[in-house]
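The values are calculated or read from the model by the stated rules, or taken from the named source; none is laboratory data. Bear in mind that the values here come from a model prediction, so they are computed numbers and not experimental data. No Cβ is skipped: glycine too gets one built from the backbone with ideal geometry, and neighbour counts run over all protein chains shown. Keep in mind that these areas ignore ligands, DNA and RNA; they rest on the heavy atoms of the full protein, side chains included. Shrake-Rupley method; radii C 1.70, N 1.55, O 1.52, S 1.80 Å.
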Amino acid sequence: MRGGLPISRRSVFKLRQVGIGTLGSAKIKILLCGCVVLSLLAIANRNRDSSSFMGWTGDFDRSSSPRGRYSIIINTWKRYDLLKKSISHYTSCPRLDSIHIVWSEPDPPSDSLKRYLNHVVRSNSRKDQQVELVFDINKEDSLNNRFKEIKDLKTDAVFSIDDDVIFPCTSVEFAFTVWQSASDTMVGYVPRMHWVDQKKGENKYKYGGWWSVWWTGTYSMVLSKAAFFHKKYLKLYTDEMPASLKEYITKNRNCEDIAMSFLVANATDAPPIWVKGKIFEIGSTGISSLGGHSERRTECVNKFVDEFGRMPLVPTVMKAVDSRYSWFW
């Protein structure tokens, strides 16, 4: 070339390759940076919005409509420390409307207990929603009292719990969301099963506790010690549950939870829904720890089958899991 240094074709080709390589490397770096930024945004959005693209959000329906909130019915008996812990915890849950304490003790609640609990409710309630606290006083000591109809209940959803178990508010909110998608059935944390008694024939059954559920993955009941159901079942239990079964439950001080499972299944011909959630036992022992508990529950199941005229419970293997917090399903 005139007026300059000669450059061979091979040199030009090498320079071109270097330029292309440099440009390609820059593009790859930009692409990787973009991927990292998008990943960080996705993680931030997941933490902030709890995987809203899956459709399960904590803000599913925060309106004041009956379906947008729920009421708690808590069964208690002379365990005031446990009652205080439970009320203190649940009043901080976002979509709670009211708490109804099923009081069946011979003496009414003391003024000091009512003052303490009302103070806790006022202190813990959210600014946009003051939780209502009500003592439902009963003259008779009966386990049927936990399912008495509540005339002025504002919400459709009822969360029935015992005073010795606590669930994180996130677990309660998820179970409530599951219930909203299937409001005619029971949605709860404590599954149980009924089994055909092979030794006694097709029309005789055995009560299956937790270990049988764990082993088979099959259940047909969720116990009312921790379950959502529609308030209409309180009226149905009050008005339609056979008096003989109510007397049986009062006399034996057991099986009102099985009776409610029978009632709902008989009305819907559908199984309940078991929700995965953390359970914190804050009490010591209950009737389930007593000897012969499974035998008494088996007797209840067969008694109810005779009264209902059939076995209404529907087995299922479905389990609701909150995918926001479970990477491995």
(1) more than 21 Å from V187 (Cα to Cα); (2) touching a Leu at 6+ places or on another chain (Cβ under 6 Å) all hold for A265 apart from (1)
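Scan Y116, Y207 and give me the residue that is of a type outside the set (A, V, I, L, M) and closer than 24 Å to K251 by Cβ.
Details: Y116 fails: closer than 24 Å to K251 by Cβ.
When all the criteria are applied, what remains is Y207.
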Test D163 against the stated conditions and say whether it is at pLDDT below 95, touching a Lys or Arg at 6+ places or on another chain (Cβ under 9 Å) and either under 16 Å from L143 (Cβ atoms) or open to solvent by 30 Å² or more (accessible area, probe 1.4 Å) (or both). yes
Would you say V134 is without any contact (Cβ under 8 Å) to a residue 40 or more places away in the chain, of a type outside the set (S, T, N, Q) and open to solvent by 30 Å² or more (accessible area, probe 1.4 Å)? yes
Residues to consider are E256, E240; find the one that is open to solvent by 60 Å² or more (accessible area, probe 1.4 Å), touching a residue at least 12 places away in the same chain (Cβ under 8 Å) and over 17 Å from the mean Cα position of the chain (by Cα). E240
May I ask you to say which residue of V172, V187 is open to solvent by less than 20 Å² (accessible area, probe 1.4 Å), touching a Cys at 6+ places or on another chain (Cβ under 6 Å) and at pLDDT 95 or above? V172
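The rows are residues; the columns are (1) out of contact with any helix residue (DSSP H, G or I) (no Cβ under 7 Å at 6 or more places or on another chain); (2) acidic (D, E); (3) within 17 Å of P272 (Cα to Cα).
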position	(1), (2), (3)
S110	yes, no, no
L117	no, no, no
I137	yes, no, no
N145	yes, no, no
T155	no, no, no
A175	yes, no, yes
S183	yes, no, yes
If you scan region 81-109, which residues turn out to be surrounded by fewer than 16 Cβ atoms within 10 Å (Cβ to Cβ) and of a type outside the set (G, A, S)? D81, K84, E105, P106, D107, P108
Kindly indicate the residue of region 266-282 that is out of contact with any strand residue (DSSP E or B) (no Cβ under 8 Å at 6 or more places or on another chain) and under 22 Å from Y207 (Cα atoms) and also most open to solvent (accessible area, probe 1.4 Å) among those meeting that condition. D269
Can you tell me which residue within region 82-99, out of those that are part of a helix (DSSP H, G or I) and of a type outside the set (F, W, Y), is nearest to T177 (Cα to Cα)? H89
